[in-house]
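Read the structure below first, then the notes.
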Amino acid sequence: MKLEVITCKSLKLCLEELEPFILNGRHLETGRELKKFGNLRSRELLGCWLLAAVLNHEAMSEDIKICTDPTGSDGILYNTKTQIACRLEQVMATQHSRSDKNTEELILELIHKKQNKGDKAYAAGKTLMVFLNRRGDSWCPNRLASKLPKIDFNSVWVVGLQEVVNDSYCYNLTQLISGISPIWKIKIQKAFDDWIIDKIQ
C-alpha cells in the first residue's frame, strides 16, 4: 500500500500559503490542521519552512523540499540531491501558557516532554523544533545548550518571532549545540514574496 506524500513545489509558493497564518498569529496556536498540507498545522508548516530556508541558504541551493509525513511526524525536509529525509517533531510555547517558568526552563521542559513521549523509539532519527510564540525574558542559547539532557533526537532547534519592522516579520532560528549555538535571522519581506537570511552568531 502506497502512502500519499504531499510536497511543496517551492519555498516561495509555500510562503504565500503561510502569509495569512503569519499575519494572524492566533492561528499558529489554535488553528485546525490543514488538509491540503497533509494535516500539518500552520505552525508546523512554518517551522518546516524556516528550517528549510536556513538549510538551503547555508548550502546555497534549493535542494531542501518540504513534504508531509503520512506516518505522523510534523513534516519532512527532503534533500532532493542526497535523497535524505529529515523527519521533524515540533512543540510550541504558546502566548497563553500558564507556566511561571522563565524561557530557558520552559524550553527545557518542552524538550523533556517530547523526549519522554516515547524515548528512543519515538525520537531517534528525528529533528526537534521548539516554537516560541510568547513574550518572555531573554535567554542565552549557549547556556541553554549546555543544560540539554541526554536526548535521542538528531538535533534540537528553537525558533521564535523576534520583531515586526515595517510589516516585515523577522524570526530567529537557533540550533542548540555545545559551544557556540548558531543563530540565523530570517526576515520575511512585507509582500511575502522573498526573504533575507543572516547568520548572526
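Students often check this: by mean Cβ neighbours within 10 Å, which of 9-15, 127-133 ranks highest, and how do the rest follow?
My ranking of the peptides, most packed first, is 127-133, 9-15.
Once both labels are modelled 7 Å past Cα along the beta-carbon direction, what's the residue 112-residue 13 spacing in nm?
4.4
Which of the aspartates and glutamates could be linked to residue 81 by a straight reach, that is with a Cα gap under 14 Å, when you skip same-chain ones fewer than 8 residues away?
Leaving aside aspartates and glutamates fewer than 8 places away in the same chain, those within reach of residue 81 are 62, 63.
Suppose we look only past 32 Å in the calculated P(r) of the stretch 11-199. What percent of the Cα-Cα pairs does that tail hold?
8
Where a Cα-Cα gap under 15 Å defines reach, which aspartates and glutamates qualify for residue 187, not counting those fewer than 8 residues away within the same chain?
Answer for residue 187, where 15 Å is the Cα cut-off: 16, 19, 163, 167, 198, listed by chain and number.
Just check the stretch 1-105 against the gyration tensor rule for me: Cα atoms, a ≥ b ≥ c as the square roots of the eigenvalues, rounded for a/c under 1.5, and otherwise prolate or oblate depending on whether a/b exceeds b/c.
Verdict is prolate for the stretch 1-105.
Please state the relative contact order of the chain as a whole percent: Cα pairs under 8 Å, 6+ residues apart?
Over the chain, the number comes to 15 percent.
Based on DSSP H runs of at least 4 residues, each adding -39500 (n - 2.57), what is the mean residue ellipticity at 222 nm of the chain after dividing by all its residues, to the nearest 500 deg cm²/dmol?
Calculated from helices alone, the mean residue ellipticity at 222 nm is -9000 deg cm²/dmol.
Restricting to DSSP loop positions (anything but H, G, I, E, B) with no more than 16 other Cβ atoms inside 10 Å of their own Cβ, which trypsin sites (Lys or Arg not before Pro) remain in the stretch 40-106?
81, 98, 101
Along Cα→Cβ, 7 Å out, is where each label goes; now give me the distance between the ones at residue 168 and residue 193 in nm to one decimal.
Label-label distance for residue 168 and residue 193, simple model: 1.6 nm.
List the lysines whose Cα lies under 22 Å from the Cα of residue 150, skipping any in the same chain that are fewer than 8 positions away.
By straight Cα distance, residue 150 reaches 101, 113, 114, 117, 120, 126.
Bear in mind that the values in this text are calculations on the coordinates, not laboratory data. What you see is a predicted model; the values in this text were computed from it and never measured. Every residue, glycine as well, gets a Cβ built from its backbone with ideal geometry; the counts of neighbours run over all protein chains shown.
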